[in-house]
1. Could you give me the radius of gyration and the Dmax of segment 252-313, taking only the C-alpha atoms into account and expressing both in angstrom?
2. Using square roots of five times the C-alpha gyration tensor eigenvalues, list the equivalent-ellipsoid semi-axes of the chain in whole Å, biggest first.
3. So how far, in whole Å, is the C-alpha centre of segment 232-246 from the one of segment 61-104?
4. Taking all pairs of different Cα atoms in segment 273-429, averaging 1/r and flipping that mean, what Kirkwood radius in angstroms comes out?
5. Rank-order 218-225, 284-291, 109-116 by packing density, defined as the average count of other C-beta atoms within 10 Å over each peptide's residues, highest first.
6. If you take the Cα Rg of segment 85-177 and divide it by 2.2 N^0.38 Å, with N the number of residues, what do you get?
7. Using the basic label-point model (7 angstrom from Cα toward the beta carbon), what is the residue 86 to residue 206 distance in nanometres?
8. So how compact is segment 160-268: Cα radius of gyration and Dmax in angstrom?
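Nothing in this text is a laboratory measurement; each read-out follows from the coordinates by a stated rule. All figures in this text were calculated on a predicted structure; none of them were measured in a lab. Note: ideal-geometry Cβ built from the backbone for every residue, glycine included; neighbour counts use all protein chains shown.
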């Protein structure tokens, strides 16, 4: 980030992914961990997922949380307590995370802010010489994901996306079953998540609470007025800020499906469903069914946010169908079936801690992490394309090399977005 942009702000307030499976799990030895220099983190967004990351990162002796950054003062105290309970000195508390980017002693930014902030925060951090751990989905739209990847490469930054299954030895073993031919010829995967989310009601804009800097919270996205059913969580269901359940949780399942099948970008995307159950301010579909066609495979996505019964009895999962066997990868591990017979089962271990460890290891080794930003970008793009197909009620013809949509100007316009002055994701990083 340039000094001019920073000062102005403060003054005003890939095809190689399948082949990379064998090398995709980087685990560096931990014998010298205690000799490593401190890793000083600035954590941006400390409600919900951000608190989980604070708890996770502070398990590692080399990590120091130097900053807690959030425009909502109401969520800060519990986050600071997590750090203090680990025996660390209290972190600095700031509303504006760019204060932390100006601190030469900060090693990395951990971004758990809402989706609309992910790209700009990551790009600015890379430009400031910081590595980044960014939550899923890594971007709010397809163009943002490409800019994030370009920034990571240009500034030689480690950027890990919060898709933790990529660091699981159990999930890697499952992917090797698919790619190694254990299932036979495998050309189709089904992914899903189901839940019972609450109704959020209908409310008009009101003044924001005194402890929330709502304009800063909006950042790159439009400020159309604070609503009580928007912050701190239900922004997920409004297009200006979130990506719906497909981006919120679907990215995990779609990433596993894409990983196992060894595919990168679809050629055709269609999507059905609707907002059938909820009568409230949510804009995103409560029922969504998307199909992604690749040159030699297909992925189907399904979510229901009002009906908890999932496929094969699991509320989250990916099922790979082969000519010889089927593999079900669920929330608790995976099961291999031959016909109706279960032939092998593995329970998943603590892959979240392994994912954080991988990020820290890569800060030292400078290798690409297990969920490198380009991997995260390609998986998030599936979510964005499903949402575009649903919003435009059209079948998309997608060019993965150019990351463009042909013959549909309305859909192509949703590959990117416009930004408020001072918060633009740059066309060139």
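1. 13.6, 40
2. On the way: eigenvalues 211, 142, 86 Å².
Value: 32, 27, 21 Å, ordered largest first.
3. Cα centroid to Cα centroid, the span is 25 Å.
4. Numbers: mean 1/r = 0.0519 Å⁻¹.
The answer is 19.3 Å.
5. Numbers: 218-225: 17.4, 284-291: 21.9, 109-116: 27.0.
Going from most to least packed, we get 109-116, 284-291, 218-225.
6. On the way: Rg = 15.1 Å, N = 93, 2.2 N^0.38 = 12.3 Å.
In units of the globular-protein estimate, segment 85-177 measures up at 1.23.
7. Placing both labels 7 Å beyond Cα along the Cβ direction yields 3.6 nm.
8. Cα only, segment 160-268: 19.4, 60 Å (Rg, Dmax).
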